[in-house]
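Take a look at the structure set out below.
The values are calculated or read from the model by the stated rules, or taken from the named source; none is laboratory data. Computed from a prediction, not measured in an experiment: that's the story for all the values here. Here the Cβ positions follow ideal geometry from the backbone for every residue, glycine too, while neighbour counts run over all protein chains shown.
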Amino acid sequence: MKEVKAQLFMDVNLLASASHPQLIPYWSRPGELADGSQVPVAIYVPVIKDGAGTTEWIMDYLDMNTSSFLSEEQEVELQWPWVPGFFPSARDWDAIGIPALS
């Protein structure tokens, strides 16, 4: 698990406080769950909106032991970090300490 986690967090800013010009003031990065095996991630997924296909970012917890997402078992609510109207890139997520999966 340590190797997989190290690879997932490669190039991800893990400093105590996240900083980004489009970050909501006073947002704080969610912590890991359980024994540290469930980590917060951002996932770029296809969705249908208004009858059309598009993509969007969602936040979830990834279980490093099983490669499953917590939302597959229960409802997950994580505070959205970005100011309204900003569409983050994978680099933006990495900059605030959330690994981006796309």
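So here's what we get for this one:
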item: Sole exception among (1) buried (at least 18 other Cβ atoms within 10 Å of the Cβ); (2) under 22 Å from Glu3 (Cβ atoms) for Ser67, by number; result: (1)
item: Residues of segment 25-69 classified as under 24 Å from Val83 (Cα atoms), of a type in the set (Phe, Trp, Tyr) and either out of contact with any Ser or Thr (no Cβ under 6 Å at 6 or more places or on another chain) or in a loop (DSSP other than H, G, I, E, B) (or both), total; result: 4
item: Count of residues meeting criterion [at pLDDT 95 or above, over 16 Å from Thr55 (Cα atoms) and either surrounded by 17 or more Cβ atoms within 10 Å (Cβ to Cβ) or in contact with a strand residue (DSSP E or B) (Cβ under 9 Å, 6 or more places away or on another chain) (or both)] in segment 72-91; result: 4
